[in-house]
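J.: I'd like to ask some things about the structure below.
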Amino acid sequence: GAVVSQHPSRVICKSGTSVKIECRSLDFQATTMFWYRQFPKQSLMLMATSNEGSKATYEQGVEKDKFLINHASLTLSTLTVTSAHPEDSSFYICSASGGQEYFGPGTRLTVL
Amino acid sequence: GIQVEQSPPDLILQEGANSTLRCNFSDSVNNLQWFHQNPWGQLINLFYIPSGTKQNGRLSATTVATERYSLLYISSSQTTDSGVYFCAVGQGKLTFGKGITLSVRP
């Protein structure tokens, strides 16, 4: 099946810093990727839709200036959490459309 | 938007037992997927099943689209089946249920 990778798998940063998370589709091209966030013991909530070559579409309540998304190629989308705060600590998961949805392994962000 | 409800929220089984996990959705869907999230957070595709029945080893799933529900069957459960099971609906951007936490005891 299709493979989606994420990097890094785990990151710890200080409050106020920015963190970039990469999502790659390894064996297929994805014009659209999706970013989800999952807090402990909760379900996945869609944050934004990443569109190759155009601006991302954000879900209601997600700050576009805080969560910067760049989809510069057909195999790579990046999510940058700017000026991270402890409440941004979460598990971030991307998916790419290849017929059905394929998910990356996730990135666990801890903001101190 | 569409609502997705899963039941039961928690399930504890003895190894070797069978179980049925349910997913109800509030509107017609073109896509429904079942996932297993392992303890490390990885979401594993189990079934892409907008309608009908599929089987893969000890797992099978049935979606009755006209009645807006899907069932995931686990037979002869193993401890490695433990984790959280999600159903999700949608095309591209998915709406997830809250998940069912399954614990299989040896």
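J.: Working only within segment B:69-106, note down all residues that are hydrophobic (A, V, I, L, M, F, W, C), in a strand (DSSP E or B) and out of contact with any Cys (no Cβ under 7 Å at 6 or more places or on another chain).
T.: B:L71, B:L72, B:I74, B:V84, B:F86, B:A88, B:V89, B:F96, B:I100, B:L102, B:V104
J.: Consider B:F96 against the criteria (1) more than 11 Å from every other protein chain (Cβ to nearest Cβ); (2) under 13 Å from the mean Cα position of the chain (by Cα): it satisfies all of them except one. Which criterion is unmet?
T.: So the condition that B:F96 fails would be (1).
J.: For segment A:77-100, enumerate the residues that are open to solvent by 20 Å² or more (accessible area, probe 1.4 Å) and at pLDDT 95 or above.
T.: We begin by selecting, within segment A:77-100, every residue open to solvent by 20 Å² or more (accessible area, probe 1.4 Å); these are A:80, A:82-83, A:85-87, A:89, A:97-100.
Passing the criteria: A:T80, A:T82, A:S83, A:H85, A:P86, A:E87, A:S89.
J.: Could you count how many residues in segment B:32-66 are more than 20 Å from A:Q38 (Cβ to Cβ) and either facing another protein chain (nearest Cβ under 10 Å) or touching a strand residue (DSSP E or B) at 6+ places or on another chain (Cβ under 9 Å) (or both)? Give the derivation first.
T.: From segment B:32-66, those more than 20 Å from A:Q38 (Cβ to Cβ) are B:47-66; that's our starting set.
Okay, now just the ones that are also either facing another protein chain (nearest Cβ under 10 Å) or touching a strand residue (DSSP E or B) at 6+ places or on another chain (Cβ under 9 Å) (or both), so B:47-56, B:58-65.
Qualifying residue count, segment B:32-66: 18.
J.: I need every pair where a residue in segment A:22-45 that is more than 18 Å from A:P86 (Cα to Cα) has its Cβ under 8 Å from the Cβ of a residue that is open to solvent by less than 40 Å² (accessible area, probe 1.4 Å) and among the charged types (D, E, K, R), sequence separation at least 6 or different chains.
T.: What qualifies is A:F34/A:E101.
J.: Determine whether A:Y58 is within 13 Å of another protein chain (Cβ to nearest Cβ), more than 25 Å from B:V84 (Cβ to Cβ) and in contact with a strand residue (DSSP E or B) (Cβ under 9 Å, 6 or more places away or on another chain).
T.: Values: within 13 Å of another protein chain (Cβ to nearest Cβ): yes; more than 25 Å from B:V84 (Cβ to Cβ): yes; in contact with a strand residue (DSSP E or B) (Cβ under 9 Å, 6 or more places away or on another chain): yes.
Spelling it out, A:Y58 is indeed within 13 Å of another protein chain (Cβ to nearest Cβ), more than 25 Å from B:V84 (Cβ to Cβ) and in contact with a strand residue (DSSP E or B) (Cβ under 9 Å, 6 or more places away or on another chain).
J.: Give me a count of the residues in segment B:1-57 that are more than 13 Å from the chain's Cα centre (by Cα), under 20 Å from A:A96 (Cα atoms) and in a strand (DSSP E or B).
T.: Adding up the residues that qualify gives 0.
J.: Still on this structure, I have one more. So for segment B:9-19 (the condition being away from every other protein chain (no Cβ under 14 Å), within 26 Å of A:P105 (Cβ to Cβ) and among the hydrophobic types (A, V, I, L, M, F, W, C)), does at least one residue qualify?
T.: Yes, that holds for at least one residue.
J.: Select from segment A:1-29 the residues that are over 19 Å from B:I44 (Cβ atoms) and either small (G, A, S) or part of a loop (DSSP other than H, G, I, E, B) (or both) and list them in ascending order.
T.: A:P8, A:K14, A:S15, A:G16, A:T17, A:S18, A:Q29
J.: Residue by residue through segment A:28-44, note down the ones that are at the interface with chain B (Cβ under 8 Å from one of its Cβ atoms) and open to solvent by 30 Å² or more (accessible area, probe 1.4 Å).
T.: Listed by number, the residues that qualify are A:T32, A:Q42.
J.: Restricting segment A:70-96 to residues that are more than 14 Å from A:R24 (Cβ to Cβ) and not hydroxyl-bearing (S, T, Y), which is nearest to the other protein chains (Cβ to nearest Cβ)?
T.: A:F91
J.: Right, next: Go through segment A:62-76 and give me each residue that's touching a Phe, Trp or Tyr at 6+ places or on another chain (Cβ under 8 Å) and either modelled with pLDDT of 95 or more or open to solvent by less than 40 Å² (accessible area, probe 1.4 Å) (or both).
T.: Passing the criteria: A:F67, A:I69.
J.: Cβ contacts < 8 Å: first residue within 19 Å of A:V111 (Cβ to Cβ), restricted to segment A:64-87; second residue open to solvent by 30 Å² or more (accessible area, probe 1.4 Å) and acidic (D, E), any location; separation 6+ or different chain. Result?
T.: From segment A:64-87, the pairs are A:T78/A:E22; A:T82/A:D65.
J.: Quick test of your reading of the structure: A:I12 fulfils all but one of (1) more than 10 Å from chain B (Cβ to nearest Cβ); (2) open to solvent by less than 20 Å² (accessible area, probe 1.4 Å); (3) of a type in the set (A, V, I, L, M). Name the failing condition by number.
T.: Only one criterion is unmet by A:I12, namely (2).
The values are calculated or read from the model by the stated rules, or taken from the named source; none is laboratory data. The model shown is predicted, which means the values in this text are computed figures rather than measured ones. Cβ sites come from the backbone with ideal geometry, for glycine too, and all protein chains shown count toward neighbours. Ligands, DNA and RNA are stripped out before the accessible areas are found, and what is left, the full protein with its side chains, is counted by its heavy atoms. Shrake-Rupley method; radii C 1.70, N 1.55, O 1.52, S 1.80 Å.
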